[in-house]
1. Please give the length that would be gained between residue 348 and residue 413 if that part of the chain were fully extended, namely 0.36 nm times their separation in residues minus their C-alpha to C-alpha distance (nm, one decimal).
2. Average the reciprocal distances over every distinct pair of alpha-carbons in region 149-349, invert the result, and give the Kirkwood radius in Å.
3. Work out the FRET efficiency for residue 474 and residue 514 from their Cβ-Cβ distance, taking R0 = 35 Å, and round it to the nearest 0.05.
4. Please list, short to long, the whole-number percent of alpha-carbon pairs of region 391-550 in consecutive 5 angstrom bins beginning at zero.
5. Need one number: nm distance between label points at residue 339 and residue 362, each 7 Å from Cα along Cα→Cβ, rounded to one decimal.
6. Pull up the DSSP beta bridges for region 395-551 and report the antiparallel fraction as a percent, rounded to 5.
7. Using only the Cα atoms of region 433-475, what semi-axes does the equivalent ellipsoid have when each is the square root of 5 times a gyration tensor eigenvalue? Give whole Å, largest first.
8. Taking 0.36 nm per intervening residue step and subtracting the Cα-Cα distance, what contour gain separates residue 87 from residue 29 on full extension?
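Derivation of every value follows stated rules applied to the coordinates shown; laboratory data play no part. This is a predicted model, so every value here is computed, not measured. Glycine gets a Cβ as well: all are built from the backbone with ideal geometry, and neighbour counts include every protein chain shown.
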């Protein structure tokens, strides 16, 4: 009882921040239940919030000026009881949003269509979850979807449990046509080798026994702390793969508990010793060992704040990139560990630099025209975006670009790119650039032409959420473009449109989902079949009809 009361007081304190006391209390009552969307069972002690929005009349300000009317909100909150029931009293008529939450669950919208007296607001978008409460009702149904769990055991080649292992999970998504890896260390094995990762949204995950737990420790002494670990293992995914591309996915459903045991091979462990220079003030740097495009995490490392000496433990033989970061500085050093400790490694941190952008449009007025660049980290683990910038005096730049390799994506509005260089490098022929440590990069110089062609069309035999990919068939382009297909206003199927296209021939492909297209990958483009040929002409709109999706 005391715990429940405490939660109610906390909820009321947090959620009452925007209440408008001048609004009179109403006489309506709203009751309902909270249920588990997976099982249909009631959910007890769920936090239910009812929020009504109301206008505050315009008032006279200083000097008699009339201030514009504003909109404020009033919040009611309570916890559902053991039967999942809740009841609000003294509600005024108005436009409401209803929210429900509880640890271990994700929330769903109110089932307003099942509760008489709750009506969608006329003229509001269909995806607006606001409803109008006009009379007292007691049949509002709110749902919570349970989150999932992955659990398992990490053992060595002899079946002995391994304690203190960092277990990481990764998910793969697409951003701007690039594969992006989102990974984090989610748990550490206990003395039984057991881990348990909870509160996972439904989806597909990859799980990896990443290494022995620990990160960088900064100490202030000339003596190196003792480290007696003699064995370690190379990271391995569930299923036995060393690489994510061939790892077995784990499917997590709402309310499910997936089992994923991992076997690691213990091997002789060595150390990497060296000196770190250019370290700034603040927290200790992170030390990672990277191999290929695999996710990497901070490794167990001792670092002296006096002389910069460091020692990384638990390294099994192999070739790596030693990746060190601190705040806005980074360093990458290739290292190879064979059958002994590696010593004498020198690591120098370098700060991010600004990549200038120079651009010029030819032909026509320049109102509303703009070009910009986006830089994508080639490792696939982060994306650095350059925001759209119009042409104006004072050259814009993408700030804080760390040393490394990037893919440049060029975009124009009101025209198309016909030339782009990075120093002496032709970005339309090769969009991969390298930012070198300690060197000021040349500007990205864009030459654009006003106008361009447009391609619009219809897509039959596909559902909402479908996408159309336009792949140029000529050299010197900025690469593929993609757009989502939308329901036509007349209900005649899906439509799509591309604008500001460089004149030339293209192939159009339709897909069932936009978020699965790795269209910046040449291998993906080469695998495509079944497209429709179309040509963009400067100053003209080309219509095309498409039937069905290729995937």
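1. Taking 0.36 nm per residue and subtracting the Cα distance, the gain is 19.4 nm.
2. Evaluated on region 149-349, it is 17.8 Å.
3. 0.90
4. P(r) over region 391-550, rounded to whole percents: 2, 8, 16, 18, 17, 15, 10, 7, 5, 2, 0, 0.
5. 6.4 nm
6. 85 percent
7. 38, 18, 10
8. Difference between extended and current length: 20.2 nm.
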